[in-house]
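The values are calculated or read from the model by the stated rules, or taken from the named source; none is laboratory data. What you see is a predicted model, and the numbers here were worked out from it, not measured in a lab. So basically every Cβ, Gly included, is an ideal-geometry build from the backbone, and we count neighbours across all protein chains shown.
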Amino acid sequence: MLNFDFHNPTHIVFGKDRLNELDSLVPESARVLITYGGGSVKKFGTLDKVIQALPGREVFRFGGIEPNPKFETLMKAVDAVKENRIDFLLAVGGGSVMDGTKFIALASAYGGEPEELLSHGFNPVPVDNALPIGTVVTLPATGSEMNSGGVISHQGGKYPVFSPLSFPRFSILDPELTYTLPVNQVANGIVDTFIHTVEQYITYPVDGRFQDRTSEGILQTLIEIGPKTIEEPEDYDARANLVWCATMALNGLIGAGVPQDWETHMIGHELTAMFGLDHGLTLALVQPAGWKVRREQKKEKLLQYGRRVWGITAGSDDEIIDAAIARTEEFFTGLGMKIRLSDHGIDETGIKDIVAALEKHGLTALSETQDVTPDVSERILKAAL
Ligand code: NZQ
Ligand code: ZN
């Protein structure tokens, strides 16, 4: 096992009817800015419930944070923070709202040019102060509710922004708040959670037995409840399991002490930035192709995945790996996803553009062993055509 630090200070408040507990979670004297997206929380009544749960506070609102939140939009919220002397941010929404709110919290307290915050990759941004945030989660997918990262879109690129100051103080996870999600967003959430898990699990073995078996538990849970929570969105137990898996897949637990890949995410971010495809969908497009191209580098963990997660025991090593990749693709298509680039109008010219964007953003040595050069990324994308 590799050396690691693990620190996660977020208080999780999980279950039905917990929104009214906001009153005890947000300081009584707070001047609160509630941040939200394009309107789903208004339409389905969550915003009203949140406001009712905050009696006695000065409450302001900032809506219109778009999917793949944009720097310019978030800077308008920073202005609102300064103008109204906000001292607590409450994100009500999915990953985009939570990520955007983390950025608002950092940029509001940052003395330098806010754009600089986009240039630190996976390293912590150089800030020593940020506004406190809480979240109310309406879409289980990103794990943003219990981690310290966000992804901000700016001028055709998607930029990770990390800071230990970005962990939410608390996150309310009420599975019932997610019942109104459209089917494709539930599928995105299942796939995002699945790929967060394999990015930290299908690399090379370091005898991280707890991490491996916890990852396998998340993957098997998703395989069991994924189709059900799409077909029966109001089955509480199936949805609750998705919500908790999404949080646990990216809160640092399964990634501690093991190598991590993230090549699928980096290529996927370029697909979103260039073609506007949803984050979860881009991952389903890239991951199986990545395994096909780098099956030798990942051989031992792909075999372990095939045997333990899918129960494939018969056949040669190659046959087990082929079957594991095929079962994964069937799982994604069974959730209603179209997982070929050509299904989305992307051809060889599009692939060249993606590879150029990876080079422009310095993403030229990806994966757990940094062997994914632009040439390898091109081969992966071609395998996804
Ligand atoms: O904007 P509104 O009107 O609220 O509608 C949203 C949005 O259109 C809708 N929605 C959310 N909750 C709903 C709902 N509709 C009906 N009922 C509800 N309960 O869903 C749409 C998508 O929302 P979004 O927040 O964009 O989706 P998601 O949670 O998948 O977040 C994607 C963003 O997270 C980043 C991605 O790059 C992308 O920008 N990621 C963040 C990560 C992190 N912080 O750790 C890791 C991830 O890998 C990912 O990169
Ligand atoms: Zn993701």
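Observations, loosely collected:
- Among the residues listed as Gln260, Gln297, Gln287, the single one being more than 16 Å from ligand 1 (Cβ to nearest atom) and modelled with pLDDT of 95 or more: Gln297
- Yes/no for Tyr110 being out of contact with any Cys (no Cβ under 9 Å at 6 or more places or on another chain), farther than 30 Å from Ile321 by Cβ, hydroxyl-bearing (Ser, Thr, Tyr) and within 11 Å of ligand 1 (Cβ to nearest atom): no
- Residue satisfying all of: in the range 296-335; polar (S, T, N, Q) and free of Cβ contacts under 8 Å to residues at least 24 places away in the same chain; nearest to Gly217 (Cα to Cα) among these: Thr313
- Total residues in the range 167-203, condition farther than 25 Å from Gly134 by Cα and away from ligand 2 (no atom under 13 Å from the Cβ): 6
- Looking only at residues in the range 154-184 that are farther than 22 Å from Thr46 by Cβ and in contact with a Phe, Trp or Tyr (Cβ under 7 Å, 6 or more places away or on another chain), the one that is surrounded by the most Cβ atoms within 10 Å (Cβ to Cβ) is Val161.
- Per-region count, the range 18-40, residues within 16 Å of ligand 1 (Cβ to nearest atom) and under 10 Å from Ile172 (Cα atoms): 2
- Single match in Val136, Val191, Val97 (criterion: in a helix (DSSP H, G or I), touching a residue at least 40 places away in the same chain (Cβ under 8 Å), more than 30 Å from Lys301 (Cα to Cα) and within 12 Å of ligand 1 (Cβ to nearest atom)): Val97
- Helices (runs of 4 or more DSSP H) lying entirely in the range 213-329 (those with 1 or more residues that are within 30 Å of Arg18 (Cα to Cα) and of a type in the set (D, E, K, R)): 236-249
- Considering residues of the range 56-71 that are modelled with pLDDT of 95 or more and in a loop (DSSP other than H, G, I, E, B) only, the residue farthest from Leu139 (Cα to Cα): Arg57
- Residue within the range 33-47 that is in a helix (DSSP H, G or I), closer than 29 Å to Met248 by Cβ, aliphatic (A, V, I, L, M) and under 22 Å from the mean Cα position of the chain (by Cα) present: yes
- Search result, residues across the range 329-364 that are surrounded by 13 or more Cβ atoms within 10 Å (Cβ to Cβ), among the small types (Gly, Ala, Ser) and within 22 Å of the chain's Cα centre (by Cα): Gly334, Ala357
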